[in-house]
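*Asks:* Here's a structure for you.
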Amino acid sequence: MSGAAEAPAEEGRGRILVIKLGALGDFVQAMGPAAAIRAHHPDAEITLLTSPAFADLAAAAPYFDRIWLDDRPGYARPWALWRLMRRISRAGFSRIYDLQTSDRSSLYFHLLRKPRPQWSGIASGASHPHANPGRDAMHTIDRQAEQLRMAGIRRVPPSDLSWAGGDVARFHLPKKFLLLVPGGSPHRPAKRWPAGRFAQIATLLARRGVTPVVIGGEAERALGSMILNAVPQARDLTGKTGFGDIVALGRLAIHGLGNDTGPMHLIAASGCSITVLYSRESDPGLTAPRGKRVTILSRPDLAQLTVEEVAATLPLG
């Protein structure tokens, strides 16, 4: 709990820091808490500390006045870490909401010079700790909502990305298309449904008059090419879309289908109906997008999941 050296709180005024470094799905699910923090501190200057990859998306959000970037300097660059800590210490924040709640972000609390600002997180000695030993067994959304309740913020809305978007007219897509997200974390291949089955789904879509649109990063270009070669009617946008573009595409698509990966959270937050595929590598009870339009298909090994089972969740009637 707080000690004599802690700075006093200011509910509506002053300066607030929110820490959320990533990953993409976690960042999207933190936008509900960000909205709640903004509502709780309506007159405060709120700064977000995040990773460079999310700078543009964060800058479009209406919850933050400033965006600071943290490239997570390691012990090989102690001067960079020292400069970041000096910057935070000098900024005069009255409260810091650590939504990353990692060992790294907790270390930041201990490296700050005293008197430290109020701190919501899991760092030992925080003024507003998330004091629930079972927090790691909670879904990200529930865990962050409880953390904020313990800091005095009672209501946390769902994440709303209505403010995000991009100019997707440049892609000249047909009116009826479905988003395919066949990629995922490159170091966790077991989280991916076999690529050939995405091609089979694309074939089925084309036969039903629905254009398959493949999205992903540069690393997924080979997957996009493979699906395009199998289904010439498909559109390959891998490596061509920013985060805002994906949200905008989600608003226009009839559905989204993909593995447990960050872009599926963007599509879900756009309001689009989605089907997300989970293997034993991740627990949908902890991280999955939520909502009435979200369908989760889970198998220990995604190779066990058939094309027929996946197709049954798609709006092809």
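Readers should treat all values here as calculations from the given coordinates under stated rules, not as data from a laboratory. Computed from a predicted model, the values in this text were never measured in an experiment. Virtual Cβ from ideal backbone geometry, glycine too; neighbours counted across all protein chains shown.
*Asks:* Near A206, within a Cβ-to-Cβ distance under 12 Å, what is the net charge of the other residues, with Lys and Arg +1 and Asp and Glu -1?
*Replies:* Values: positive: K176, R207, R208, R235; negative: none.
Computed value for this residue: +4.
*Asks:* Can you tell me the length gained on complete extension of the stretch A137 to H187, counting 0.36 nm per residue apart and subtracting the Cα distance? Each step should come with its number before you reach the end.
*Replies:* Numbers: separation 50, 0.36 × 50 = 18.00 nm, distance 2.36 nm.
15.6 nm is the gain from fully extending A137 to H187.
*Asks:* Tell me which chymotrypsin sites (Phe, Trp or Tyr not before Pro) from the range 160-225 have a DSSP coil assignment and no more than 10 other beta carbons within 10 Å of their own. Kindly include the intermediate steps, with their values, before the conclusion.
*Replies:* Values: sites: W163, F171, F177, F198; in loops: W163.
Those that pass, being in a loop and sparsely packed, number zero.
*Asks:* Something else now. Suppose we look only past 24 Å in the calculated P(r) of the range 190-309. What percent of the Cα-Cα pairs does that tail hold? Spell out each step's value before the answer.
*Replies:* On the way: 1499 of 7140 pairs.
Within the range 190-309, distances greater than 24 Å cover 21 percent of Cα pairs.
*Asks:* When the chain is fully extended, how far beyond the present Cα-Cα distance does R77 get from D301, taking 0.36 nm per residue of separation?
*Replies:* Numbers: separation 224, 0.36 × 224 = 80.64 nm, distance 4.01 nm.
Between R77 and D301, full extension yields an extra 76.6 nm.
*Asks:* How would you rank 90-96, 208-214, highest first, on the average number of other Cβ atoms within 10 Å across their residues?
*Replies:* Numbers: 90-96: 18.6, 208-214: 20.3.
Result, highest mean first: 208-214, 90-96.
*Asks:* Can I ask one more? Debye calculation, C-alpha points only, no solvent: report log10 I(q)/I(0) for the range 243-317 at q = 0.11, 0.17 Å⁻¹, in the same order as the q values.
*Replies:* -0.26, -0.61
*Asks:* Consider a paramagnetic label point 7 Å from the Cα of L69 along Cα→Cβ; state which residues of the range 242-262 have an amide N under 20 Å from it.
*Replies:* From the range 242-262, the list is 242-245.
*Asks:* Please compute the length gained on full extension between R207 and R290, using 0.36 nm multiplied by the number of residues separating them and subtracting their Cα-Cα distance. All intermediate terms of the calculation are to be shown ahead of the outcome.
*Replies:* On the way: separation 83, 0.36 × 83 = 29.88 nm, distance 3.03 nm.
That works out to 26.8 nm of additional length.
*Asks:* Return the aspartates and glutamates within reach of K114: Cα separation strictly under 19 angstrom, same-chain partners fewer than 8 residues apart disregarded; answer none if there are no such residues.
*Replies:* Partners found: E6, E10, D98.
*Asks:* Using only Cα atoms, what Kirkwood radius does the range 6-141 have, in angstroms?
*Replies:* So the Kirkwood estimate lands at 15.2 Å.
*Asks:* Which entries of K20/K176; K191/K292; K240/K292 have Cα-Cα distances beyond 25 Å here?
*Replies:* Working: K20/K176 35 Å; K191/K292 23 Å; K240/K292 29 Å.
K20/K176; K240/K292, as the Cα separations exceed 25 Å there.
*Asks:* When the distances between all Cα atoms of the chain are binned every 10 Å from zero, what whole-number percent does each bin get?
*Replies:* Reading upward from the zero bin: 6, 26, 30, 21, 13, 4, 0.
*Asks:* Given +1 on the Cβ of Lys and Arg, -1 on the Cβ of Asp and Glu, and no further charges, what dipole in debye does the range 168-311 carry about its Cα centre, rounded to the nearest 20?
*Replies:* Working: 18 positive and 10 negative charges, 88 e Å.
Taking the Cα centre of the range 168-311 as origin, the dipole is about 420 debye.
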